[in-house]
Amino acid sequence: MARPRSFDEAAVLRAARDQFWETGYAGTKVDDIAAATGLGKGSLYGAFGDKHALFLRVFDHYCGELAIGTRHQLEGPDDTAYRRLGDHIRAIAESVATDQERRGCLIAKSTAECAEHDEAVATRSRQLFGDLQDHLTACIAGAQRAGDIATGQDPDHLAGLVLAVLRGLEALGKGGVEPERIRTIAETALAVLPKP
């Protein structure tokens, strides 16, 4: 009979996530994960598989949380859709602007490092970006129905533009662009959405 696990799996995954986030996939050794989680290598392998399997689990969980959080931020009635969209854009910009360690986004960091050579990461990234664009599209379409954004533009195209700006803000923040410039870009993204 297998012994029950004597560790908090969620806490171990958070610690592993933070280690991958700090040092990247290639820069993270199993010894680093063991030290961060307090588990021996044998326990890590037994519970999560190899480093790649653990990374994919962490990455998938993080992507899922981000998609759900974005949906919750953006969904709601049409009459408040434009406000929710603005709040979402500003919240991301503020998160980037106040990231003094320039830690960046785990999704952006992992996708840039791994997606070219790791089809599992590339596939999960594409799925996440599709989910984020769908949530933005629904919110923009609601703002169009409410008369806050002009209806002459395809809401999916506008959502793609917003998504590109938001992902770009993260890259700019990682590169050390001044916080006020990050905030200004976010406000400009809102300002260029077509008004009725």
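Which numbered condition trips up Leu39, out of (1) without any contact (Cβ under 8 Å) to a residue 60 or more places away in the chain; (2) under 20 Å from Val121 (Cα atoms); (3) not in a helix (DSSP H, G or I)?
Among (1) without any contact (Cβ under 8 Å) to a residue 60 or more places away in the chain; (2) under 20 Å from Val121 (Cα atoms); (3) not in a helix (DSSP H, G or I), Leu39 violates only (2).
Test of understanding: among Gly152, Gly142, Gly160, which residue is surrounded by 15 or more Cβ atoms within 10 Å (Cβ to Cβ) and more than 19 Å from the chain's Cα centre (by Cα)?
Just a single option satisfies the conditions, and that option is Gly142.
I'd like the full set of residues that are surrounded by fewer than 19 Cβ atoms within 10 Å (Cβ to Cβ) and among the aromatic types (Phe, Trp, Tyr), limited to region 44-66.
Tyr45
For a quick check of your reading of the model, give me the residue pairs whose first member lies in region 183-196 and is basic (Lys, Arg), whose second is surrounded by 11 or more Cβ atoms within 10 Å (Cβ to Cβ) and part of a helix (DSSP H, G or I), with beta-carbon atoms closer than 6 Å and at least 6 apart or on different chains.
Final answer for the pair search is Arg183/Ala93; Arg183/Ala97.
Values quoted throughout were computed directly from the atomic coordinates according to the rules given, and no laboratory measurement underlies them. Just so we're clear, the structure is a prediction, and the values are computed from it rather than from any experiment. So basically every Cβ, Gly included, is an ideal-geometry build from the backbone, and we count neighbours across all protein chains shown.
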